[in-house]
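Enquirer: Input: one structure, supplied below.
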């Protein structure tokens, strides 16, 4: 993250997103595949790190085969319409995988308050407390019970972000986006 100063002196917190080129690797049609979509390849990878089925030559929408490239990954986009360039002032939504936080307790994972420190309690400050028991749950742990466990690493979408500016291959977006440095993000104009 960074910050951008406006001409009147106000400061806007921004996230700098590096834009990388995409290459169309496959065009799926309703007649042949049962649905319409475009498969794109992104990133550059050494040939030795690519499995043989993924060593494909990119194709243009007209079907022409281009020079062989080795992509880091592929993404399929359905329902693609006209593509427009994103400019300053546009509203976008950004999707990505959030930061993984490992195994966390109920206080951090679900916002539980924990137990009291007094009145005969010793080590129950951050414990979950009762989970239902025999009455309401029927002698088992009910599905969806909020407990300790793995946190983060989920697909998250942040909506209504404003594009502050576009400079070359960098996109300056007001506010925070999901993930860590290097996370692959999907950007859609709203």
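Enquirer: State the number of residues belonging to the range 75-100 that are more than 19 Å from residue 158 (Cα to Cα) and part of a loop (DSSP other than H, G, I, E, B).
Expert: 7
Enquirer: Right, something else. Suppose we filter 40, 94 for residues that are over 30 Å from residue 149 (Cα atoms), at pLDDT 85 or above, in contact with a strand residue (DSSP E or B) (Cβ under 6 Å, 6 or more places away or on another chain) and surrounded by 15 or more Cβ atoms within 10 Å (Cβ to Cβ); which single one remains?
Expert: Going through 40, 94 in turn, just one is over 30 Å from residue 149 (Cα atoms), at pLDDT 85 or above, in contact with a strand residue (DSSP E or B) (Cβ under 6 Å, 6 or more places away or on another chain) and surrounded by 15 or more Cβ atoms within 10 Å (Cβ to Cβ): 40.
Enquirer: Can you name every residue in the range 105-124 that is touching a helix residue (DSSP H, G or I) at 6+ places or on another chain (Cβ under 9 Å) and either at pLDDT below 90 or not in a loop (DSSP other than H, G, I, E, B) (or both)?
Expert: Within the range 105-124, 114 is the sole residue that qualifies.
Enquirer: When the residues of the range 1-28 are filtered to those that are over 27 Å from the mean Cα position of the chain (by Cα) and in a loop (DSSP other than H, G, I, E, B), which remaining residue is nearest to residue 85 (Cα to Cα)?
Expert: The initial filter retains those residues of the range 1-28 that are over 27 Å from the mean Cα position of the chain (by Cα), namely 5-10.
Subsequent filtering for residues that are in a loop (DSSP other than H, G, I, E, B) retains 6-10.
Details: 6: 23, 7: 25, 8: 27, 9: 28, 10: 27 Å.
Step by step, filter the range 1-28, then rank; the result is 6.
The values are calculated or read from the model by the stated rules, or taken from the named source; none is laboratory data. As the structure is a prediction and not an experimental result, all values here were calculated from the model. With ideal geometry, Cβ positions are generated from the backbone for all residues, glycine too; neighbour counts draw on all protein chains shown.
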